[in-house]
Amino acid sequence: MTRVWAPLVLLAAVAFAASPLLSQGFSGFPPDRFPIPQVNPPVQPAGYAFSIWGLIYAWLIVGSGFGLIRRWDDPDWAPMRPWLLASMAVGAVWIPLANLSPVLATVLIFIMLGTALMALFKSGDTDRWWQQAPIAVYAGWLTAASAVSVGLLLGGYGWLPETPAALLALSLGLAGAVATQYFLHRAPSYGITIIWALVGIIVANSDPLNVAVTALAVIGILVILALRGTDTE
(Lines give C-alpha, C1' and ligand atoms only; values in the text may rest on other atoms or scores of the structure.)
Protein backbone atom coordinates (compact mmCIF):
# COMPACT_ATOMS: atom_id res chain seq x y z
CA MET A 1 0.00 0.00 0.00
CA THR A 2 2.94 2.33 0.69
CA ARG A 3 3.86 2.35 -3.00
CA VAL A 4 0.37 3.46 -4.03
CA TRP A 5 0.44 6.78 -2.18
CA ALA A 6 3.38 8.38 -4.01
CA PRO A 7 1.80 8.51 -7.50
CA LEU A 8 -1.55 9.54 -6.01
CA VAL A 9 0.07 12.45 -4.17
CA LEU A 10 1.75 13.67 -7.36
CA LEU A 11 -1.52 13.37 -9.26
CA ALA A 12 -3.31 15.36 -6.55
CA ALA A 13 -0.60 18.04 -6.60
CA VAL A 14 -0.98 18.47 -10.36
CA ALA A 15 -4.78 18.57 -10.11
CA PHE A 16 -4.53 21.10 -7.28
CA ALA A 17 -2.25 23.37 -9.29
CA ALA A 18 -4.41 23.02 -12.40
CA SER A 19 -7.65 23.85 -10.61
CA PRO A 20 -7.44 27.64 -11.19
CA LEU A 21 -6.89 27.00 -14.91
CA LEU A 22 -9.70 24.47 -15.24
CA SER A 23 -12.28 26.58 -13.43
CA GLN A 24 -13.39 30.19 -13.53
CA GLY A 25 -10.62 31.00 -11.08
CA PHE A 26 -10.87 32.72 -7.72
CA SER A 27 -9.76 36.27 -6.96
CA GLY A 28 -11.42 36.64 -3.60
CA PHE A 29 -15.04 36.85 -2.56
CA PRO A 30 -17.00 39.63 -4.27
CA PRO A 31 -18.05 42.17 -1.63
CA ASP A 32 -21.72 41.55 -2.35
CA ARG A 33 -21.50 37.85 -1.50
CA PHE A 34 -22.02 38.91 2.12
CA PRO A 35 -25.09 40.54 3.69
CA ILE A 36 -22.75 43.37 4.67
CA PRO A 37 -20.44 43.94 1.65
CA GLN A 38 -16.78 43.46 2.55
CA VAL A 39 -14.88 46.17 0.68
CA ASN A 40 -11.20 46.20 1.62
CA PRO A 41 -11.72 44.30 4.89
CA PRO A 42 -8.85 44.82 7.37
CA VAL A 43 -8.41 41.07 7.91
CA GLN A 44 -7.34 40.52 4.28
CA PRO A 45 -3.69 40.84 3.17
CA ALA A 46 -2.69 43.05 0.26
CA GLY A 47 -3.26 41.46 -3.13
CA TYR A 48 0.41 40.79 -3.87
CA ALA A 49 0.62 38.38 -0.92
CA PHE A 50 -1.59 35.86 -2.74
CA SER A 51 1.15 35.36 -5.34
CA ILE A 52 2.59 32.83 -2.89
CA TRP A 53 0.17 30.32 -4.40
CA GLY A 54 2.47 30.05 -7.41
CA LEU A 55 5.31 28.95 -5.13
CA ILE A 56 3.05 26.55 -3.23
CA TYR A 57 1.73 24.85 -6.35
CA ALA A 58 5.18 24.51 -7.92
CA TRP A 59 6.87 23.28 -4.74
CA LEU A 60 4.19 20.69 -4.02
CA ILE A 61 4.49 19.31 -7.56
CA VAL A 62 8.29 19.24 -7.52
CA GLY A 63 8.42 17.74 -4.03
CA SER A 64 5.82 15.11 -4.88
CA GLY A 65 7.66 14.30 -8.10
CA PHE A 66 10.93 13.87 -6.23
CA GLY A 67 9.15 11.65 -3.73
CA LEU A 68 7.73 9.49 -6.49
CA ILE A 69 11.00 9.11 -8.39
CA ARG A 70 13.49 8.89 -5.54
CA ARG A 71 11.49 7.97 -2.43
CA TRP A 72 8.63 5.85 -3.80
CA ASP A 73 8.57 3.39 -0.90
CA ASP A 74 10.73 5.23 1.63
CA PRO A 75 9.21 4.68 5.12
CA ASP A 76 10.23 8.21 6.14
CA TRP A 77 7.89 9.68 3.52
CA ALA A 78 4.99 7.28 4.06
CA PRO A 79 3.20 8.72 7.15
CA MET A 80 2.52 12.16 5.70
CA ARG A 81 1.33 11.10 2.23
CA PRO A 82 -2.32 10.12 2.99
CA TRP A 83 -2.87 13.40 4.83
CA LEU A 84 -1.28 15.53 2.13
CA LEU A 85 -3.29 13.68 -0.50
CA ALA A 86 -6.52 14.38 1.38
CA SER A 87 -5.72 18.09 1.72
CA MET A 88 -4.80 18.60 -1.93
CA ALA A 89 -7.79 16.56 -3.12
CA VAL A 90 -10.09 18.99 -1.32
CA GLY A 91 -8.01 21.87 -2.67
CA ALA A 92 -8.47 20.63 -6.23
CA VAL A 93 -12.24 21.19 -5.98
CA TRP A 94 -12.13 24.18 -3.64
CA ILE A 95 -12.49 26.96 -6.22
CA PRO A 96 -15.81 25.88 -7.81
CA LEU A 97 -17.26 25.05 -4.40
CA ALA A 98 -15.96 28.28 -2.82
CA ASN A 99 -17.63 30.30 -5.56
CA LEU A 100 -20.94 28.91 -4.36
CA SER A 101 -20.69 30.10 -0.76
CA PRO A 102 -18.19 31.84 1.55
CA VAL A 103 -19.42 29.62 4.40
CA LEU A 104 -18.73 26.44 2.43
CA ALA A 105 -15.36 27.85 1.40
CA THR A 106 -14.44 28.42 5.04
CA VAL A 107 -15.44 24.90 6.06
CA LEU A 108 -13.32 23.45 3.26
CA ILE A 109 -10.34 25.63 4.16
CA PHE A 110 -10.38 24.24 7.68
CA ILE A 111 -10.51 20.70 6.31
CA MET A 112 -7.55 21.49 4.07
CA LEU A 113 -5.71 23.10 6.99
CA GLY A 114 -6.32 20.23 9.39
CA THR A 115 -5.09 17.59 6.97
CA ALA A 116 -2.14 19.74 5.88
CA LEU A 117 -1.06 20.19 9.49
CA MET A 118 -1.31 16.44 10.05
CA ALA A 119 0.91 15.93 7.01
CA LEU A 120 3.38 18.50 8.33
CA PHE A 121 3.61 16.93 11.78
CA LYS A 122 4.03 13.48 10.23
CA SER A 123 6.62 14.58 7.68
CA GLY A 124 9.99 12.91 8.10
CA ASP A 125 13.45 14.28 8.68
CA THR A 126 14.98 13.30 5.34
CA ASP A 127 14.91 15.45 2.21
CA ARG A 128 13.76 18.50 4.13
CA TRP A 129 13.50 20.78 1.10
CA TRP A 130 11.52 18.23 -0.94
CA GLN A 131 9.32 16.68 1.73
CA GLN A 132 8.81 19.01 4.68
CA ALA A 133 9.32 22.54 3.33
CA PRO A 134 6.58 22.58 0.66
CA ILE A 135 4.06 21.20 3.15
CA ALA A 136 5.13 23.78 5.73
CA VAL A 137 4.61 26.70 3.34
CA TYR A 138 1.28 25.24 2.23
CA ALA A 139 0.09 24.73 5.82
CA GLY A 140 1.33 28.18 6.82
CA TRP A 141 -0.66 29.90 4.10
CA LEU A 142 -3.75 27.83 4.90
CA THR A 143 -3.43 28.94 8.53
CA ALA A 144 -3.51 32.54 7.38
CA ALA A 145 -6.33 31.88 4.89
CA SER A 146 -8.49 30.26 7.55
CA ALA A 147 -8.14 33.32 9.78
CA VAL A 148 -9.02 35.61 6.87
CA SER A 149 -12.11 33.54 6.09
CA VAL A 150 -13.29 33.68 9.69
CA GLY A 151 -12.77 37.44 9.78
CA LEU A 152 -14.75 37.88 6.56
CA LEU A 153 -17.64 35.82 7.89
CA LEU A 154 -17.69 37.68 11.21
CA GLY A 155 -17.76 41.05 9.48
CA GLY A 156 -19.79 40.05 6.43
CA TYR A 157 -22.63 38.57 8.42
CA GLY A 158 -22.71 41.42 10.92
CA TRP A 159 -21.59 39.42 13.93
CA LEU A 160 -18.84 41.98 14.60
CA PRO A 161 -17.72 45.27 13.05
CA GLU A 162 -14.89 44.83 10.55
CA THR A 163 -11.95 45.79 12.78
CA PRO A 164 -13.05 43.75 15.84
CA ALA A 165 -13.76 40.85 13.44
CA ALA A 166 -10.23 41.14 12.06
CA LEU A 167 -8.69 41.34 15.52
CA LEU A 168 -10.56 38.27 16.78
CA ALA A 169 -9.88 36.19 13.66
CA LEU A 170 -6.20 37.14 13.54
CA SER A 171 -5.79 36.45 17.25
CA LEU A 172 -7.21 32.95 16.82
CA GLY A 173 -5.08 32.34 13.74
CA LEU A 174 -1.94 33.58 15.49
CA ALA A 175 -2.62 31.40 18.52
CA GLY A 176 -2.76 28.34 16.28
CA ALA A 177 0.28 29.44 14.29
CA VAL A 178 2.40 30.09 17.37
CA ALA A 179 1.44 26.75 18.91
CA THR A 180 2.25 24.93 15.67
CA GLN A 181 5.61 26.63 15.25
CA TYR A 182 6.48 26.04 18.91
CA PHE A 183 5.85 22.31 18.71
CA LEU A 184 7.30 21.99 15.22
CA HIS A 185 10.48 23.96 15.62
CA ARG A 186 12.14 22.04 12.78
CA ALA A 187 9.86 23.61 10.15
CA PRO A 188 10.81 27.32 10.09
CA SER A 189 9.27 27.82 6.64
CA TYR A 190 5.86 27.51 8.31
CA GLY A 191 6.54 30.56 10.45
CA ILE A 192 8.12 32.45 7.56
CA THR A 193 4.91 31.97 5.59
CA ILE A 194 2.86 33.32 8.50
CA ILE A 195 5.14 36.37 8.55
CA TRP A 196 4.59 36.83 4.80
CA ALA A 197 0.84 36.93 5.40
CA LEU A 198 1.17 39.32 8.34
CA VAL A 199 3.32 41.72 6.32
CA GLY A 200 0.59 41.64 3.66
CA ILE A 201 -1.95 42.59 6.31
CA ILE A 202 0.24 45.46 7.48
CA VAL A 203 0.51 46.76 3.91
CA ALA A 204 -3.24 46.45 3.39
CA ASN A 205 -3.92 48.43 6.57
CA SER A 206 -1.35 51.16 6.00
CA ASP A 207 -3.50 53.59 4.01
CA PRO A 208 -5.56 54.56 5.84
CA LEU A 209 -3.72 53.29 8.87
CA ASN A 210 -5.61 50.80 11.01
CA VAL A 211 -3.56 51.01 14.18
CA ALA A 212 -5.13 48.07 16.01
CA VAL A 213 -4.85 45.54 13.19
CA THR A 214 -1.36 46.72 12.23
CA ALA A 215 -0.16 46.49 15.83
CA LEU A 216 -1.51 42.95 16.19
CA ALA A 217 0.22 41.90 12.97
CA VAL A 218 3.52 43.39 14.18
CA ILE A 219 3.19 41.59 17.51
CA GLY A 220 2.50 38.35 15.66
CA ILE A 221 5.65 38.76 13.58
CA LEU A 222 7.76 39.44 16.67
CA VAL A 223 6.38 36.39 18.47
CA ILE A 224 7.05 34.12 15.50
CA LEU A 225 10.60 35.45 15.25
CA ALA A 226 11.11 35.00 19.00
CA LEU A 227 10.25 31.32 18.68
CA ARG A 228 13.47 30.84 16.73
CA GLY A 229 15.24 31.30 20.04
CA THR A 230 13.48 28.31 21.58
CA ASP A 231 14.31 24.64 21.19
CA THR A 232 11.38 22.29 21.48
CA GLU A 233 12.69 19.36 19.43
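Tabulated data for the structure shown
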read-out	value
Derived scalar couplings ³J(HN,Hα) [segment 170-185; Karplus, 6.51 cos²θ - 1.76 cosθ + 1.60; whole Hz; x for Gly, Pro]	5, 5, 5, x, 5, 4, x, 5, 5, 4, 4, 5, 5, 7, 10, 4
Where segment 19-92 is the region considered: accessible area per residue in Å², 1.4 Å probe	51
Among Tyr48, Tyr138, Tyr182, residue whose mean-square fluctuation peaks in a GNM of the chain (springs only between Cα atoms under 10 Å)	Tyr48
Residue-wise HN-Hα coupling along segment 89-99, computed from phi with Karplus coefficients 6.51, -1.76, 1.60 (Hz; x: Gly, Pro)	5, 5, x, 5, 10, 5, 4, x, 6, 5, 5
Global geometry of segment 112-174, whether rounded, prolate or oblate, following the gyration tensor of its Cα atoms and the 1.5 cut on a/c	prolate
Principal-axis tilt of helix 211-226 within the chain, Cα atoms, nearest 10 degrees	30
Nearest 10 degrees, 0 to 90: helix 132-156 Cα axis against the chain principal axis	30
Separation between Cα centres of segment 18-52 and segment 81-124, rounded to whole Å	17
Accessible-area composition of the chain, carbon plus sulfur, in percent [1.4 Å probe]	72
Rough spin-label spacing in nm, given labels placed 7 Å along Cα→Cβ, for Phe26 and Ser171	2.7
Chain lengthening between Trp159 and Leu104 when straightened (0.36 nm per residue, less Cα-Cα)	18.0 nm
In order through segment 115-130: 3J(HN,Hα) via Karplus (6.51 cos²θ - 1.76 cosθ + 1.60), integer Hz, x for Gly, Pro	6, 5, 5, 4, 4, 5, 5, 8, 5, x, 9, 8, 6, 3, 6, 9
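The values are calculated or read from the model by the stated rules, or taken from the named source; none is laboratory data. Note that the structure is a prediction, hence the values are computed from the model and not measured. Every residue, glycine among them, receives a Cβ derived from its backbone with ideal geometry; neighbour counts consider all protein chains shown. For accessibility, only protein heavy atoms count, side chains too; no ligands or nucleic acids. Shrake-Rupley method; radii C 1.70, N 1.55, O 1.52, S 1.80 Å.
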